[in-house]
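The next block holds one structure in the form of structure tokens; read it before the comments.
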């Protein structure tokens, strides 16, 4: 089995959770996780019979008794808080209920317990307020992608790449990268696409490697995404709230894991990221989701990652032109600049309802507009 030993338990837990969801495509899931169907069925069977024990030889704390004393309840609260120092009363209560602590106290009581034991920083608590924002209607309608800055590693710097499903807040990718280059991101996305399938659209900011400038925002990376049939949306310049869910995810990521990764090498960082991502997706209660974990709302995409890039198809009435050096096309003896990112690709010109104005399409994606009267 090709799973790496350092992340094998994280991978098994994620696999069985996704496989047991309604409508899951087991064949594609096994391909994405690079295991055989026989192996996939084995772990599903073990998980159904023994839950987490079937995935790892480790003891689990037994469910609490209805006659637990108050000190024992406080001990449960403190145990969860110490395991997750950034969690507040509501998340801890939801986690205790999930673990079977049937006498889990109210969130306000848990907050009082934390205060009593000096486990809450008033200034830090004031920062944690719910955000109000748009939400995609279904999983894989929209993903958000960004880098969470960078921090010093054992050698060089670590650049955490995050990919988040907008609807479910499911963390599809959390990668410890050594740089923010096109090929690095493309390699990470290839692994994600093979495992989860393709989204309808990805939201990114205007920085490298997915942004060039405001007038010509596309890069070779976004051209590749569009060739895969994925729409690319760039956030409004100087408006980080457009990527609000990923920004909120970054805040949680920093508080719960990044602060403990300073100075580690990239492999050690990745081990921390892998373990935390499974906890975030499958255990951590999410306030914006009614205190359920993101895995409860995520489903694998039905759009599979192709072995080769699909061909571009244009209609008989389209005016097809090849993008040449400098990002230009020629039409009616004039040149128009589209974007250097499309060099060597073919685009289609289609007239609009406005005289002299034509839309420029790359496949099914509108990428520019030209005015023949200028």
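Every read-out reported here was derived from the displayed coordinates using simple, explicitly stated rules and does not represent laboratory data. Remember, it's a predicted structure, so these values are computed and weren't measured experimentally. For neighbour counting, all protein chains shown are included, and Cβ atoms are generated from backbone atoms with ideal geometry for every residue, glycine included.
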> Using 1/(1 + (r/R0)^6) with R0 = 22 angstrom and r between the beta carbons of residue 116 and residue 90, what's the FRET efficiency to the nearest 0.05?
Replying inline: 0.80
> Which whole number in µm²/s is D for the range 319-371 by Stokes-Einstein, with the Kirkwood Rh taken over Cα pairs at 4 °C and 1.567 mPa s?
Replying inline: 118
> Which residue, 333, 364, 265, tops the fluctuation ranking in a GNM of the chain built on C-alpha contacts under 10 Å?
Replying inline: 333
> Given labels modelled 7 Å from the Cα in the Cβ direction, how far is it in nm from residue 320 to residue 194?
Replying inline: 3.1
> How are the C-alpha pair distances of the range 76-116 spread across 10 Å bins, as whole percents from the shortest bin up?
Replying inline: 35, 62, 3
> Expressed as cubic angstrom per residue, what is the convex hull volume of the alpha carbon set of the chain?
Replying inline: 171
>> Once you keep just the Cα pairs under 8 angstrom separated by 6 or more residues, what percentage relative contact order results for the chain?
In response: 14
> How much mean residue ellipticity at 222 nm does the chain get from its helices, if each DSSP H run of length 4 or more adds -39500 (n - 2.57) and you divide by all residues, to the nearest 500 deg cm²/dmol?
Replying inline: -10000 deg cm²/dmol
> Given springs between every Cα pair under 10 Å in a Gaussian network model of the chain, which of 346, 196, 298 has the largest fluctuation?
Replying inline: 346
>> Restricting to bridges with both residues inside the chain, how much of the DSSP beta-bridge set is antiparallel, in percent to the nearest 5?
In response: 85
>> Averaged across orientations, what area in nm² does the convex hull of the alpha carbons in the range 230-365 project?
In response: 14.1
> Of 144, 272, 97, which is the most mobile in a GNM of the chain whose springs link Cα atoms less than 10 angstrom apart?
Replying inline: 97
>> Taking the number of other C-beta atoms within 10 Å as the exposure measure, put 314, 331 in order starting with the fewest.
In response: 331, 314
> What's log10 of I(q)/I(0) for the range 145-293 at q = 0.08 Å⁻¹, Debye sum over Cα points only, no solvent?
Replying inline: -0.22
> Computed on alpha carbon atoms, what radius of gyration and Dmax characterise the range 5-54, expressed in Å?
Replying inline: 10.1, 30
